[in-house]
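Notes to accompany the following structure.
Throughout, read-outs are computed from the coordinates displayed, never taken from laboratory work. Values in this document were obtained by computation on a predicted structure and should not be read as measured data. Positions of Cβ are backbone-derived with ideal geometry, glycine not excepted, and every protein chain shown enters the neighbour counts.
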Amino acid sequence: MGKKSVNKISSEVLAAFLDGNATTRESKEILNALSEDAELRELLHMSQLVDSDLCIEPQECEYIPMTALAANCEENNYCSLECEKYILRKLNIKFEEEQLLQNAIQNGWQKENGTALHNVGRHLEDKGLVVTRQYKSTIEDIAQALQTNRSIMVAVDGGELLGNAIEEYIEDTYVGCIPDHVVVVLSCDIHNNVITIYDPNSSKTEDTYSITQFKNAWNDSKNYLVTINTKDMSTYNPKPIDLSDVELSEDLNELREAIAENAHDIWAVERQSQGWTYGPNRDDAKKETPCMVAYSELPESEKVFDRDMAMNTLKLVRKLGYDLIKREETDLYKDLLARIRESKDTYYCPQCWAKKIKTPVSKHQILCHVCGHNLDLEYLYKEL
């Protein structure tokens, strides 16, 4: 007997899911269906094999889920906010709940679908606490932080934390690791393999798990750790994201010098606006610096600093899961030019036209591909 499909997932929704464009509700429906529909599991498995046959390469570096949304609360998507409120109470810092939520929404920390991992701890910063964030942390990092009386929040996969093995295996296999929940770590006993947390989803004041189970859930966030200090006990130990596995394209490497020069010019403009001028030696009182010169005149050590800063920023963008693509190499751009060439009528961007530049555009085009102007069909220039 063949495998029977017991769920009705439309081809449109499935296609969006495979492309990573499904909504949260649609993704949950598909994950629920995968747990009981063998035919659907086989279909997704076949799609992965097709990607392999088409030589669609896996990601070249391990991505950091900095923009993943912590949203796993039963009544709302405020798990991060609830954890921060817990820490404020623990530290006897007064706050108004409604004001916290209002600040989160106004500042963009709290979205409709949750809180991005890089915004976890913003309320605590706002209350004057010292917050540090790092990925690729270890259980030993947690234990050490607790020993120095620091408060700790971590991002986890809420389902894996609860031990939903089958559902989470399906999620990790077909969707990827999803760190969708934030908890506060209260204690960590490495010797006895036990960790205790505050979970805003739980009815208990504390929940205890084996460190093994906790790590399975924590790994999905690339071991994201947020530590909180009061200012009188702050010990800053910077741990930037490791970019050693990120490689940039040859085009971007060739632009290294141009990017570094522009970065120096931006720095110089800012310094000049603050009253700094050139001086043979740095003098903060006189606001003089030997670096207030053209990039070409900088000593090599300063150029290296600018180059590294510029290229590491680009590497970080890639590490976060984004791609930098040259416009002329995209299928969308090529299709746009083809439409323009095939069109019987020729239209021009009005903003370029005002500058006496004839930039041909398609009547279906949204933005000018030269100046970026927002196009409106009613105002396009048409050569008669």
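Most exposed first by the Cβ proxy, i.e. fewest other Cβ within 10 Å, how do 301, 80 rank? Please report the intermediate quantities before stating the final value.
On the way: 301 7, 80 31.
Least crowded to most crowded, the residues run 301, 80.
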Notebook entry, point to check: Points 7 angstrom from Cα along the Cβ direction at residue 91 and residue 205: gap in nanometres?
Noted result: 2.1 nm
Check: Whole-Hz Karplus ³J(HN,Hα) for segment 136-150, in order, using 6.51 cos²θ - 1.76 cosθ + 1.60 and θ = phi - 60°, x for Gly and Pro?
Finding: 6, 7, 10, 4, 5, 4, 4, 4, 5, 4, 5, 5, 9, 6, 8
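With 10 angstrom as the radius, rank 349, 371 by how many other C-beta atoms surround their C-beta, starting from the fewest.
Neighbour counts put them in this order, fewest first: 371, 349.
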Checklist line | Cβ charges +1 (Lys, Arg) and -1 (Asp, Glu), total dipole of segment 69-161, debye | finding: 420 debye
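Could you rank the peptides 253-266, 113-126 by their average count of other C-beta atoms within 10 Å per residue, with the highest value first? Could the numbers behind the result be given before it?
Working: 253-266: 15.2, 113-126: 21.1.
Result, highest mean first: 113-126, 253-266.
Can you compute the charge dipole magnitude of segment 250-319 about its Cα centre, using +1 on each Lys and Arg Cβ and -1 on each Asp and Glu Cβ, nothing else charged? Give it in debye, rounded to the nearest 20. If you can, show how the numbers build up before the last one.
Values: 10 positive and 15 negative charges, 65 e Å.
It comes to approximately 320 debye.
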Margin query: Stokes-Einstein diffusion coefficient for segment 250-319 at 25 °C in a medium of 0.890 mPa s, Rh from the Kirkwood formula over Cα pairs: what value in µm²/s?
Written below: 189 µm²/s
Notebook entry, point to check: To the nearest 0.05, what FRET efficiency results for residue 39 and residue 196 with a Förster distance of 41 Å applied to their C-beta separation?
Noted result: 0.45
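Using a Förster radius of 22 Å, what is the FRET efficiency between residue 302 and residue 270 based on their Cβ-Cβ separation? Nearest 0.05, please. Intermediate results must be reported in sequence, preceding the final value.
Working: r = 16 Å, r/R0 = 0.72.
Computed FRET efficiency for residue 302 and residue 270: 0.90.
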Next item on the list: Just need the relative contact order of segment 250-319 here, percent rounded to a whole number, with Cα pairs under 8 Å and 6+ apart.
Entry: 33 percent
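Order by neighbour count: 311, 153, 292, fewest other Cβ atoms within 10 Å first, most last. All intermediate terms of the calculation are to be shown ahead of the outcome.
On the way: 311 19, 153 27, 292 16.
In order of increasing Cβ crowding within 10 Å: 292, 311, 153.
Once R0 is set to 35 Å, what does the formula 1/(1 + (r/R0)^6) return for the Cβ-Cβ distance between residue 370 and residue 113, expressed as a FRET efficiency to the nearest 0.05? Before the final figure, lay out each step's value.
Details: r = 35 Å, r/R0 = 1.01.
E between residue 370 and residue 113, to the nearest 0.05, is 0.50.
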Next item on the list: Using packing as a proxy for protection, rank 269-275, 205-211 so that the peptide with the highest average count of other Cβ atoms within 10 Å comes first.
Entry: 205-211, 269-275
